[in-house]
Every structure is written in structure tokens, then in C-alpha cells.
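A short worksheet on the structure shown next.
Coordinate-derived values only; no laboratory data. Computed from a prediction, not measured in an experiment: that's the story for all the values here. When we count neighbours, we look across all protein chains shown, and the Cβ atoms used for this are built from the backbone with ideal geometry, even at glycine.
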């Protein structure tokens with residue numbers, strides 16, 4: 001028996017079929033969890049975000065439009081935004097870290113990218129390119145939200161992002177993936 005496509009499953013979810021949601025979870029939870037854990041960097045929070053994301057998929061299933069893109073793309077954005085919001089809203093009310101000024105603590109360098117050089121490269125971009133990158137990569141807005149903030153058409157905004165990343169690559173002379181990792185995607 002042939003497995004139903006993601007579109008068929010989402011049509012079933014839109015009709016209230018919980019088994020279809022379970023099938024989507026089985027197929028995509030691993031990949032979506034990888035995205036979430038990269039943002040949250042906290043296993044407990046990431047698990048909560050994954051659960052919350054699938055609840056949102058259930059509740060917002062009617063908003064899914066297969067003509068606008070694949071299920072995974074839609075779910076990826078939903079999970080990414082949920083993770084960013086969870087990270088923003090997480091409040092550490094209890095100090096769990098020793099903040100002693102006498103202790104010499106060096107930050108481990110997980111990424112070989114020079115942050116000062118990157119900041120310099122960002123400052124060389126035009127103002128609208130800087131603002132576009134800031135809205136998407138630092139403030140966590142979607143392209144649809146950010147183009148409204150900048151009051152430009154969506155296509156124009158997307159071209160700002162592409163142009164800015166291309167310029168950064170030229171200025172910084174490193175891979176675009178390293179740049180995106182450095183600025184916090």
C-alpha cells in the first residue's frame with residue numbers, strides 16, 4: 001500500500017484526523033527537532049518547542065496551502081518562529097552561574113569566524129541591507145513580517161536579503177553558511 005503524501009496528510013489533518021498528524025510527526029519530527037535544538041541549545045526547551053509546534057500545526061492546519069509550498073517548508077518556519085519566541089521569552093529568574101570577576105573564564109571558540117571582522121563587513125553594507133538582515137537574523141522575523149516593517153514589496157525585501165548575503169560573502173570572503181551561522185540563524 002502506498003503511503004499518503006504530505007499534502008494528503010495535511011488535508012486529513014485539516015479535517016481533524018489525528019492519525020494523519022501522527023504520521024506527519026513520525027515523518028518530520030526528527031528533522032524539525034534538529035532545527036529547533038540548533039536554535040534553543042537546550043534539550044528540554046527544544047522538546048517543549050517541538051510539542052508546541054505540532055500543536056500549532058494541528059490548530060493552524062487550515063492555513064497550510066500546498067500551492068504556496070511544501071509542508072516541510074511551512075512546518076520549518078512555524079517551528080523556527082516558535083523556537084525563537086521560546087528563546088526570547090525564557091526568563092532565568094535564578095542565577096545558576098558564578099559571575100565572579102576574579103575568575104578567568106575564556107569563552108570557547110566553537111566557530112572560527114572572526115566576529116569583529118563580520119561586524120565590520122556588516123557595517124559596509126547599505127542601510128537597507130543592514131536593516132533587512134537585522135530584522136530576519138537578529139530579531140527573528142519572517143520575510144513576510146520584515147517586508148511590512150520596511151514597507152517594501154515582499155519580492156524586493158527578499159532581493160535585499162540575497163544581495164546583502166552576496167555582498168557579505170564578497171567582503172568577508174568566507175562561505176555563506178559560516179556567515180549565517182555567525183549571525184544566529
At R0 = 30 Å, FRET efficiency that the Cβ-Cβ distance of residue 158 and residue 15 yields, to 0.05: 0.35
Two-site label geometry, residue 72 and residue 89: point separation in nm, points 7 Å out along Cα→Cβ: 2.8
Distance in nm between pseudo-label sites at residue 142 and residue 123 (7 Å out along the Cβ direction from Cα): 3.5
Fully extended contour minus Cα-Cα distance, from residue 149 to residue 166, at 0.36 nm per residue: 3.9 nm
P(r) tail fraction, segment 6-89 - alpha-carbon pairs more than 19 Å apart, %: 32
